[in-house]
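Here's the structure we're looking at; comments come further down.
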4 protein chains.
Amino acid sequence: MSSKRLPTAERQAQIAKAALRIISTQGVRRLTSAALAEQVGIADGTIFRHFKNMNEIVDAAIAVFEDSIAEAFPPDEGLPLERLGAFVVMRLALVRERPEILRLAFNDRLAEAAGHEGAARVGRMVERSLTFVRRCLADAQERREITPDAPLTLLVWMVIGVIRGAADTDAHRAPREDDLSSATPEQVWASLEGFLRGTSNEEEQP
Amino acid sequence: MSSKRLPTAERQAQIAKAALRIISTQGVRRLTSAALAEQVGIADGTIFRHFKNMNEIVDAAIAVFEDSIAEAFPPDEGLPLERLGAFVVMRLALVRERPEILRLAFNDRLAEAAGHEGAARVGRMVERSLTFVRRCLADAQERREITPDAPLTLLVWMVIGVIRGAADTDAHRAPREDDLSSATPEQVWASLEGFLRGTSNEEEQP
Amino acid sequence: MSSKRLPTAERQAQIAKAALRIISTQGVRRLTSAALAEQVGIADGTIFRHFKNMNEIVDAAIAVFEDSIAEAFPPDEGLPLERLGAFVVMRLALVRERPEILRLAFNDRLAEAAGHEGAARVGRMVERSLTFVRRCLADAQERREITPDAPLTLLVWMVIGVIRGAADTDAHRAPREDDLSSATPEQVWASLEGFLRGTSNEEEQP
Amino acid sequence: MSSKRLPTAERQAQIAKAALRIISTQGVRRLTSAALAEQVGIADGTIFRHFKNMNEIVDAAIAVFEDSIAEAFPPDEGLPLERLGAFVVMRLALVRERPEILRLAFNDRLAEAAGHEGAARVGRMVERSLTFVRRCLADAQERREITPDAPLTLLVWMVIGVIRGAADTDAHRAPREDDLSSATPEQVWASLEGFLRGTSNEEEQP
DNA sequence: CATGAATGAGCTTTCATTCAT
DNA sequence: AATGAATGAAAGCTCATTCAT
């Protein structure tokens, strides 16, 4: 599976990624040193030459997760709906490229595998996304780009719901006629934005 | 913890509920026969007088889950947005009363604990909800009660997103100013319905 | 090796004694759960139904040791040399009956197997014996039953040395002509007492 | 910790001494190749460039021990009590200078760490000391320098007891008023000799 | 029905030892 | 000589499951 005698740094990366993969595809229960070792192509005991114990492996896996999520944050500038659009598009792209990452955010598998501190780290990443979305929407409401009547939280849930829905759909289900899995992230955002702006009813206001 | 010598049927119910509780509050990894026995107040070996093995316990737990979800389905009649409203309200009420149930649906803890067959059952319950929502929305689009432009799937995700958001919020977070956790399910639905109908935007533009 | 299904209390006693036996005859390194299980006649894992972990086993073993030593303490009354004589005789008898016990006191195997707290307990037992001997000898010096010139500590070492010598001799060596292993504890004490009193030179003072 | 690339002979000496140190201060269980490597300041695998396996390391450690003990043997000539005095003084000096050496002799940690052959070697060193003491005392008895009534073995135990006592005292205990740890080896021997000669009693009866 | 001792498989971790670099 | 990655055999411990009482 992998060539022999790699430097620790590389093995650590391999192992952390393998851990993330196992957690997301097979569940926390299957995250065993034996399973990891097999995936990476080394003997069980060797795992612990690269990590002190399983906790540190999960921590490393969480770090990989954090990095992946952190890369999918747009800059904090520009018009609110543009920022939000960039965010949604980036997330939907992430869903396509690395479906396991977002599923882990919405699961609590990762948090379950980790101890308290690790769970908190995962929670913080999730919270950061929610906060980002909420701020964009709040700004947009203030600028009257979207209806100020709808409770902010409801809007947040709807936007996040779209990302979750995409993450889950890519995961288990067969596509349907109008399924958005064939749409580009930009197209999905366009629909969503239309909806938020309330313009979708009016057909782009000719 | 519980009186002695209960008939198997009662013990089975106790155990199944305990299993569901453990899975939802402590995670699959903590679902052990010893933990179950302790929660139920019997000796560990006794668990297996009531269930053949752990798989059957998880199956029974899934059955409890299914029943809880099945009770929260409105009748399949009436106007589409009324049906959908009834559904959303019931789910939000379920979130309030038994928060663990919906969190289990959106997690895959339950599915993870179960084998293939059990995971499929959980999947089917989730799917049934999605289908219900989709059908309501499709009907509503056809009747032009909501915009026919937005892709159906997007609408489904948004509606489901609201339920998920409610489930998660009740779970971990401290309330915010406009948090919907203080709103009644009916109020939440009113906001959501306004949004779907696209009326929320126009109402304020006299 | 032992009949099946014993109550925990009995198994615990068996295991604790087996642990003491293994430590004293084979050394700390051989005190493994497998070795214990084999000696007691049960499976490895079963050990941990009776003790939470190896530390608790060592603690129980130390308790057995403490009890054995504590039984070999004479009452704290009477003339000093009589008290000391009773003590020496009891210890020499203990050497004959349960040679491993005193060897453990003079080793630090037990202390090594235990954690800090356990080591302290062993140390306290040893200290208690030293203190007992010292007090008897101090009293005897005061009453001029033995020479007041010799440093007390020297006398303590000599008395303890006799007990240690007996413990070690019974352990590894083949008997010699004048070996004291054939003498009764009372005879050994008689010689030692004569020596301490300084009368041995004068041939029982006719 | 130590400079790089030493010739094997030096490394072997370092390792053997480190092994002795670990055994005496931390116990056999802590004598691991990793602990040795760390003490010596090399990588763990490197240990086995200098020794074939752990057994050989323990053997080398025993050799260090043997050398240290062998240096503390007086010449086999002169009056018996002088020879014995020289022996006792040398041993007490050894206790002061390298306390771990004699503790190892009275422990069986070293013997435990070693295999059969090594244990026998340690036993032989101990036996050699006992025999030396016994011969001195036997000669002294024959020459009537000490009482011929006391069983020889008892005398041996008492003399050895003093050395052991000194070794143990230096090890764990806080000093007492009359503790001999402040006395010079010569002073201790003077007291012991007086006692053996039986003169300590009469000196004060003018 | 209930208990709890026993089992055996499996998991995490340690450790002596080997060997490519 | 030295390094440190890799190995495989325990060791300590957990857990589902069985079964005598």
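The values are calculated or read from the model by the stated rules, or taken from the named source; none is laboratory data. All of these numbers come straight from a predicted model, not from anything done at the bench. In this analysis, Cβ positions are derived from the backbone assuming ideal geometry, glycine residues included, and neighbour counts consider all displayed protein chains. Please note that ligands, DNA and RNA were not included when accessible areas were found on the heavy atoms of the full protein model with its side chains. Shrake-Rupley method; radii C 1.70, N 1.55, O 1.52, S 1.80 Å.
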Pick out which of A:Leu154, A:Leu137, A:Leu81 has the largest mean-square fluctuation in a Gaussian network model of chain A, springs linking Cα atoms closer than 10 Å.
A:Leu154
Rounded, prolate or oblate (a/c below 1.5 giving rounded, otherwise prolate when a/b exceeds b/c) for the protein assembly as shown by Cα gyration tensor
prolate
Express in Å², to the nearest 10, the accessible area of D:Ile23 obtained by rolling a 1.4 Å probe over the protein heavy atoms while all chains stay in place.
0 Å²
For chain B: rounded, prolate or oblate by the Cα gyration tensor [a/c cutoff 1.5]
prolate
The stretch A:51-100, Cα convex hull volume normalised per residue, Å³:
73 Å³
How high is the relative contact order of chain A, in percent, with contacts defined as C-alpha pairs under 8 Å that are six or more residues apart?
20 percent
Count, for each residue of D:187-196, the Cβ atoms from other chains sitting within 10 Å of its Cβ, then give me the mean as a whole number.
3
Could you give, in nm with one decimal, how far C:Ser181 is from each other copy of that position, shortest first, with labels 7 Å out from Cα toward Cβ?
3.4, 7.7, 8.2
How far is A:Glu97 from itself in the other copies, in nm, if each label sits 7 Å out from Cα along the Cα-Cβ line, shortest first?
4.5, 7.1, 7.9
Shape call for the stretch A:88-138 from the C-alpha gyration tensor, a ≥ b ≥ c root eigenvalues: rounded (a/c under 1.5), prolate (a/b greater than b/c) or oblate?
oblate
MRE, 222 nm, helices only [DSSP H, n ≥ 4, -39500 (n - 2.57), over the protein assembly as shown, to nearest 500]:
-22500 deg cm²/dmol
If every alpha-carbon in the stretch C:8-63 counts as one equal scatterer, what log10 I(q)/I(0) does Debye give at q = 0.21, 0.22, 0.27, 0.28 1/Å?
-0.64, -0.71, -1.12, -1.22
Looking at the stretch C:22-67, which trypsin sites (Lys or Arg not before Pro) are in a loop (DSSP not H, G, I, E or B) and have at most 11 other Cβ atoms within 10 Å?
C:Lys52
In the D-onto-C rotation, chain D's nearest residue to the axis by C-beta, with distance in whole Å, turns out to be D:Gly161, 1
Once the other residues with Cβ under 15 Å from the Cβ of C:Leu31 are scored (Lys, Arg +1; Asp, Glu -1), what is the net sum?
-1
Considering only DSSP states other than H, G, I, E and B, which GluC sites (Glu not before Pro) in the stretch D:42-136 qualify as loop sites with at most 10 other Cβ atoms within 10 Å?
D:Glu77
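Please compute, for peptide D:137-150, the average count of beta-carbon atoms on other protein chains lying within 10 Å of each residue's beta-carbon.
Mean shielding count: 2.
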Using the alpha-carbon centroid of each, what span in Å lies between the stretch C:9-41 and the stretch A:50-124?
50 Å
Charged-residue dipole, Cβ positions (Lys, Arg, Asp, Glu), the stretch A:35-134 about Cα centre, Debye nearest 20
180 debye
Just going by the charge dipole of chain B, with Lys and Arg at +1 and Asp and Glu at -1 on Cβ, which of B:Ala72, B:Leu31, B:Thr153 is farthest out on the positive end?
B:Leu31
Based on DSSP H assignment, which helices of chain C show an axial Cα extent of at least 27 Å together with a mean Kyte-Doolittle hydropathy greater than or equal to -1.0?
C:116-142, C:152-172
So the label point sits 7 Å from Cα along the Cα-to-Cβ vector; using that for B:Pro7, what distances do you get to the other copies, in nanometres, sorted shortest first?
3.5, 7.0, 9.0
Averaged over D:27-35, number of beta-carbon atoms from partner chains that fall within 10 Å:
2
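Let me spell out the model: positive unit charges on the Cβ of Lys and Arg, negative unit charges on the Cβ of Asp and Glu, origin at the Cα centre of chain D. What dipole size does that give, in debye rounded to 20? Working shown, then result.
Details: 26 positive and 31 negative charges, 232 e Å.
About 1120 debye.
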